[in-house]
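Asks: My questions all concern the structure below.
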Amino acid sequence: YAQWTIKSVTCTAGYYLGKGALSCTQCECGHYCSGGTFNYNASSVQGRTACGAGTYNSGTGASAASACKTTDPGHYAVAGSCNQKEVDEGCYGGAGSKGACPNSCPSPYSSSVAGSDAVNDCYLTTTAGNYVKETGKGQVPCAAGGYCLGGTKVYHSSGVGDTTGGRTVCECGT
């Protein structure tokens, strides 16, 4: 006949039972561990939960989901993250973003710095002989006899002649 013994292990809050382990391990960053009594299991981790996407936990030994912090605007975190990261260039994202590019900057304002948190951070760089006539629109050629040197950053939120925050739309000179 066969005899089976099931080993149970009790882990306190902030600890979990690892795959095939007979003793508890402190909860790693990016997770929380509520503790409990677990049966030995060679194939799975018990009592450890990853912080959800859009949240992160940089500490160890967390015992509750409240240890997972929502990412700041312009940052993101995938599930199980220890730290938040800046959203990619050409993208923007609000608090709780779940991926590297939660929102792409709209064409033709397809540039932004890493860590941008709003569409108003998206910009285009004018090319020689062109300017932006309407807020949120693309470039148009200068009229005959006019000129634009190009190289001006025009933000999605800028209006013609708007100099708020140092954001100026290039007007063609004569």
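The values are calculated or read from the model by the stated rules, or taken from the named source; none is laboratory data. Remember, it's a predicted structure, so these values are computed and weren't measured experimentally. All Cβ positions, glycine included, derive from the backbone under ideal geometry; neighbour counts span all protein chains shown. Each accessible area value is taken on the protein alone, full model and side chains, heavy atoms only, with ligands, DNA and RNA left out. Shrake-Rupley method; radii C 1.70, N 1.55, O 1.52, S 1.80 Å.
Asks: Return the total of residues in region 3-43 being surrounded by 11 or more Cβ atoms within 10 Å (Cβ to Cβ), small (G, A, S) and assigned to a loop (DSSP other than H, G, I, E, B).
Replies: 8
Asks: I'm trying to understand the selection: among the residues of region 16-35, which are among the small types (G, A, S) and in contact (Cβ under 8 Å) with a residue 24 or more places away in the chain? If you could, list the steps in order and put the result at the bottom.
Replies: Start the filter on region 16-35 by keeping residues that are among the small types (G, A, S), which leaves 18, 20-21, 23, 30, 34-35.
Once the filter is applied, which keeps residues that are among the small types (G, A, S) and in contact (Cβ under 8 Å) with a residue 24 or more places away in the chain, region 16-35 yields G18, G30, S34, G35.
Asks: On the given criteria, is T152 open to solvent by 70 Å² or more (accessible area, probe 1.4 Å) and more than 30 Å from G61 (Cα to Cα)?
Replies: Details: open to solvent by 70 Å² or more (accessible area, probe 1.4 Å): no; more than 30 Å from G61 (Cα to Cα): yes.
So T152 fails the test.
Asks: Evaluate region 53-67: report whether one residue or more is open to solvent by 60 Å² or more (accessible area, probe 1.4 Å) and aromatic (F, W, Y).
Replies: Looking through region 53-67, none of the residues is open to solvent by 60 Å² or more (accessible area, probe 1.4 Å) and aromatic (F, W, Y).
Asks: Just to check your reading of the model, which residue among K69, K98 is of a type in the set (D, E, K, R) and within 11 Å of the chain's Cα centre (by Cα)? Steps first, please.
Replies: Working: K69 fails: within 11 Å of the chain's Cα centre (by Cα).
One residue alone meets the criteria, K98.
Asks: For region 90-146, enumerate the residues that are assigned to a loop (DSSP other than H, G, I, E, B), touching a residue at least 40 places away in the same chain (Cβ under 8 Å), open to solvent by 30 Å² or more (accessible area, probe 1.4 Å) and more than 14 Å from H75 (Cβ to Cβ).
Replies: Residue satisfying the conditions is P106 alone.
Asks: Still on this structure, I have one more. Of the residues that make up region 57-70, is at least one in contact with a helix residue (DSSP H, G or I) (Cβ under 8 Å, 6 or more places away or on another chain) and part of a strand (DSSP E or B)? Break it down into steps so the answer makes sense when it comes.
Replies: Narrowing region 57-70 to residues in contact with a helix residue (DSSP H, G or I) (Cβ under 8 Å, 6 or more places away or on another chain): 57, 59.
Those still in the list that are part of a strand (DSSP E or B) too: none.
The answer is no, given that none of the residues of region 57-70 is in contact with a helix residue (DSSP H, G or I) (Cβ under 8 Å, 6 or more places away or on another chain) and part of a strand (DSSP E or B).
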